[in-house]
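Report on one structure; see the data block that follows.
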Amino acid sequence: MAKFNLANARQVLAHYRDETLPEFPEKLTQTYDPVLVKELGTTIINQYQGSISKLEYFAIYEQTLISHIDTGRFQEAIRLYDECLEQNQTNMPIHKRKIMAYVSMGDTQKAIELLVSYLDTFMQDTEAWVTLGNLYLQTNAFQQALFCYEELVLLRPAAHLYLLKVADLYCAVGKHEIGKKYYLGVVQSLADCLHGWYGVYYCCKNLKQDGDLFDLAKSRILELAKGPTIQKVYK
Amino acid sequence: MLVMILVGILRHNGMQLLQSPPKPDIKQLRESACLLRVRTFRSLAGGLAKQAYEGRKEYFVKNMHSYLKNPNAEATNPMADPGQMEGTMEIFKAMLQSGIETQDMDYSKLILAASGSMDMMQMQQMSGSNPMAQPSEAIKTFKSEAEFLELHKYVFRFEDIEDLVLEKYGKKNKKMK
């Protein structure tokens, strides 16, 4: 077991806080790793309080608290969030943290409930709509998930991802005619979108339409399948 | 002259320090968000399928009118929305409680239950007290929005998409490659 390296640890924690340091020590993951932060943070707090400035100590303390929350102390976290929300109902990040705490605990129903009431006010929040859509998909509530993604289409009309998702969901509930239209909307602007072309092909098949559109979709798919991107994936 | 300006600034800062920051008002926030949502809906509704459009429009109009009648009414919980909502909700709650896999569920039943009714995601609640500086202005804006919405004409963005795509990729009979 390597001896605890204080300078190293401080740098790692500062990196996670700040993300503007040019290089990070050893091999650090780009994404936030609460377990690592918790380990390093707790050691520093317990043993090295004297060797760092008060300001940094406070920052590390806060960071460690959050990492403890992120690694499993959800009930306490929720209590904290509730206190915070009592003082300020419009604190968006805290609302979202509370919701994600329930998701991490596996209480999807409660998370959905809270997310619904959050979106009642903060209806511009695309991230929240995406999360709710995914939660509904987890519980197989396709109609509700469809609603969420349609809201996203209203919020980001040019975003192909949401159009494709809406198309997929219309197909999932059996409305292939509508799904086909959305897929066509996507391939109109994205000529190389395999997902879109396959969607057109699939819908035509389901609707038993084998006219020009079906042939076009089929030929596009075969063309794209020979292309370098797909070949790389299936090498 | 300069002294007067400085005194003015000093007084302004002093007053700022003495006054506590205004408590962020969630109802106010929600109201303005709702208004924005209705406006965006009007301009981007072409992205929705007919049924989705009609459902939302009906919902918005109904709620805007009830808000205009009674601006200080308490927000109704979307979960407790009476009528069509409950049907869908109850189906779902029962299923989730008994742990039945919804994959086994008859999708047509789901569509029947949900079609024409608002999903629990319809969050348009016009309510709450109106602490705006000019409440009459706000009412006027709501009123005009409601009217515009009622008169709005639906055109599906992808109505003629088949022809457009065929033309683009040169497969339409008129335009040979």
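Assorted remarks:
- DSSP-assigned coil residues among trypsin sites (Lys or Arg not before Pro) in the range A:36-124, each with at most 15 further Cβ atoms within 10 Å: A:Arg73
- At 1.002 mPa s and 20 °C, Stokes D of chain A from Kirkwood alpha-carbon radius, µm² per second: 99
- Spatially near lysine pairs across the range A:43-188, Cα under 20 Å, sequence gap of 8 or more or different chains: 5
- The calculated FRET efficiency for the pair B:Met4 and B:Val155, based on their C-beta separation and a Förster distance of 51 Å, comes to about 0.30.
- Comparing each chain alone with all protein chains together (probe 1.4 Å, DNA, RNA and ligands left out), the residues of the range A:193-219 losing at least 30 Å² of accessible area are A:Asp212, A:Leu213, A:Leu216.
- The chymotrypsin sites (Phe, Trp or Tyr not before Pro) of the range A:145-235 that DSSP puts in a loop, and whose beta carbon has at most 15 other beta carbons within 10 Å, are A:Tyr234.
- The label point for A:Arg17 and the one for A:Asp210, both projected 7 Å from the Cα toward the Cβ, are 6.7 nm apart.
- Gyration tensor verdict on the range A:140-194 (Cα atoms; rounded if a/c is under 1.5, prolate if a/b is larger than b/c, oblate otherwise): oblate
- Residue-averaged [θ]222 nm for chain A, counting only DSSP H segments that reach four residues, each worth -39500 (n - 2.57): -23500 deg cm²/dmol
- Accessible area buried by the pairing of B and A, both sides summed with a 1.4 Å probe, works out to roughly 4600 Å².
- Note on A:177-183: average number of Cβ atoms from other chains within 10 Å of each residue's Cβ is 4.
- With respect to chain A, whose longest principal axis is taken over its alpha-carbon atoms, helix A:176-189 is tilted by about 70°.
- Interface residues of the range A:99-144, defined as those with an accessible-area decrease of at least 50 Å² between the chain by itself and the complete set of protein chains (probe 1.4 Å), are A:Val116, A:Asp120, A:Thr121, A:Met123, A:Gln124, A:Asn140, A:Gln143, A:Gln144.
- Projecting label points 7 angstrom from Cα along Cα→Cβ for A:Glu76 and A:Tyr61 puts them 1.5 nm apart.
The values are calculated or read from the model by the stated rules, or taken from the named source; none is laboratory data. Here the structure is a predicted model, which means the values were calculated and not measured. In this analysis, Cβ positions are derived from the backbone assuming ideal geometry, glycine residues included, and neighbour counts consider all displayed protein chains. When the accessible area is computed, the model is the full protein with side chains, heavy atoms only, and any ligands, DNA or RNA have been set aside. Shrake-Rupley method; radii C 1.70, N 1.55, O 1.52, S 1.80 Å.
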